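The values are calculated or read from the model by the stated rules, or taken from the named source; none is laboratory data. Please read all numbers here as calculations on a predicted model, not as lab measurements. We place every Cβ from the backbone using ideal geometry, glycine too, and count neighbours over all the protein chains shown.
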Amino acid sequence: MSFLKLDEIKEQGIFRPQLTSLIDVMTILLVFLIKSFSVEGNLVSLPENMELPLSTSPKPPRQVYTLDITQEAVLAEDTRIVSLEQIGEGDSLLIEPLYEWMKREHVKLDSAGNTELLIQCDRDIMFSYIKKVMYSCSKAGFSDFCVLVIREEN
Amino acid sequence: MRLSLFKNKYPPSEITDIPELDVTPVMNMFIILIPFLVSMAIFTQLSIIDFSLPPNVGPSMNSSKTKPVPKLTVRVGDDYLGIVIGDQLLDSLPVANNIYPFNKLSKRLLFHKQDLNYNEELIIASKDNIPIKTVVRTMDLSREAGFEKIGLSSAADEAGDVE
């Protein structure tokens, strides 16, 4: 590698920046990005302000009907169905608005033969809310459940 | 015929005027390739955990006429973690200062699986005030202990009672 002095540069009348180190950085970056490259992309989209629980489960997500439980409300297809405040107020295990919504969705999904439900919930949500949501969904006809998690290495 | 490699009369170490490679096209390629790869990269790996509900909570009530077999249950509470089969409490692992004894639970689950030769569904029964991350951690430990099928249920106040 030749390092030209300023006088030599002036003499030659050219300035060629050293790109070797930049190429090194780019190569490392390229290897890292190819490693984390996915043709499928993300099958599920996460709502904002939601931190999923961590797990060592190796099972990849499937494209099934998804229900989001954030710190504020229960959402389906980006539609707010019921707030957690409302769920907490009721004594019954059955959440009526959620039950009605899921019943309609189950009829649609049943014809396609896919009645599995993926629950995306914030890691700090109490089990009492999850229990009521699962109960209402199971009454609406959903029988297979799965919960979305962030994979962590052992 | 002389090889072109040896046409210089000086060895390569003595040649001071080495022609530099023009890396500009390589840089151009990188500049196109990197934004594309960034857009397609996944930085957070997502997974799922499958679970089922107890049969009497499902869309149809349990219609089986045979006597139900008692299932091994992990009771998750903020006071203790319990391993229960039927009405019998096999283990009770106290929770101190909100620190759950997950290591002990893992060992005890492995022991009971081998001791009882239990290959059925494991039920995780959680109290209402337990965050889902704790339930998910218990599911992980159960799967790592060799329980393939996991059911999720709600724990009543008394050990062994599942709502």
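Is there any pair with a first residue in segment A:140-154 that is at the interface with another protein chain (Cβ under 7 Å from one of its Cβ atoms) and crowded, with 21+ Cβ neighbours inside 10 Å and a second that is assigned to a loop (DSSP other than H, G, I, E, B) and hydroxyl-bearing (Ser, Thr, Tyr) whose Cβ atoms are under 7 Å apart and which are 6 or more apart or on different chains, and what are they?
Sorted first by the residue in segment A:140-154, then by its partner, the pairs are A:149/A:57.
Enumerate the strands (runs of 3 or more DSSP E) found wholly within segment B:69-129, keeping only those where 2 or more residues are aliphatic (A, V, I, L, M) and touching a residue at least 40 places away in the same chain (Cβ under 8 Å).
Once the strands (runs of 3 or more DSSP E) in segment B:69-129 are filtered for at least 2 residues that are aliphatic (A, V, I, L, M) and touching a residue at least 40 places away in the same chain (Cβ under 8 Å), what remains is B:72-76, B:80-85, B:122-126.
Is segment A:11-21 home to any residue that is closer than 15 Å to residue B:30 by Cβ, assigned to a helix (DSSP H, G or I) and modelled with pLDDT of 70 or more?
yes
Looking at this structure, is residue B:106 under 14 Å from residue B:50 (Cα atoms) and of a type in the set (Ser, Thr, Tyr)?
no
Residues that are more than 10 Å from chain A (Cβ to nearest Cβ) and either closer than 14 Å to residue A:129 by Cα or outside any helix (DSSP H, G or I) (or both): does segment B:131-146 have at least one?
Checked segment B:131-146: at least one residue is more than 10 Å from chain A (Cβ to nearest Cβ) and either closer than 14 Å to residue A:129 by Cα or outside any helix (DSSP H, G or I) (or both).
Is it the case that segment B:112-126 has a residue that's more than 18 Å from the chain's Cα centre (by Cα), at pLDDT 90 or above, within 14 Å of another protein chain (Cβ to nearest Cβ) and closer than 24 Å to residue A:149 by Cα?
The answer is yes, given that some residue of segment B:112-126 is more than 18 Å from the chain's Cα centre (by Cα), at pLDDT 90 or above, within 14 Å of another protein chain (Cβ to nearest Cβ) and closer than 24 Å to residue A:149 by Cα.
Can you name the residue in segment B:41-57 that is at pLDDT below 85 and within 21 Å of residue A:148 (Cα to Cα) and is also farthest from the other protein chains (Cβ to nearest Cβ) among such residues?
B:54
Yes or no: residue B:33 at pLDDT 85 or above and facing chain A (nearest Cβ under 10 Å)?
yes
Please go through segment A:126-139 and pick out each residue that is under 24 Å from residue A:45 (Cβ atoms) and either more than 9 Å from chain B (Cβ to nearest Cβ) or touching a Leu at 6+ places or on another chain (Cβ under 8 Å) (or both).
Hits for segment A:126-139 are A:129, A:133, A:134, A:136, A:137.
Is it the case that residue A:75 is in contact (Cβ under 8 Å) with a residue 60 or more places away in the chain and of a type in the set (A, V, I, L, M, F, W, C)?
For residue A:75, the condition - in contact (Cβ under 8 Å) with a residue 60 or more places away in the chain and of a type in the set (A, V, I, L, M, F, W, C) - is not met.
Quick check on this structure: which one of B:129, B:117, B:97 is among the polar types (S, T, N, Q) and touching an Asp or Glu at 6+ places or on another chain (Cβ under 7 Å)?
B:129
Looking only at segment A:53-94, count how many residues are surrounded by fewer than 16 Cβ atoms within 10 Å (Cβ to Cβ), among the small types (Gly, Ala, Ser) and within 12 Å of another protein chain (Cβ to nearest Cβ).
So the answer is 1.
Within segment A:20-50, take every residue that is at the interface with chain B (Cβ under 9 Å from one of its Cβ atoms) and in contact (Cβ under 8 Å) with a residue 12 or more places away in the chain and give me the one that is farthest from residue B:43 (Cα to Cα).
Step by step, filter segment A:20-50, then rank; the result is A:20.
Under 22 Å from residue A:126 (Cβ atoms) and surrounded by 13 or more Cβ atoms within 10 Å (Cβ to Cβ) - does that describe any residue in segment B:107-115?
No.
List the strands (runs of 3 or more DSSP E) inside segment A:51-154, counting only whole elements, that have at least 3 residues being under 16 Å from residue B:49 (Cα atoms).
A:65-69, A:116-121, A:144-151
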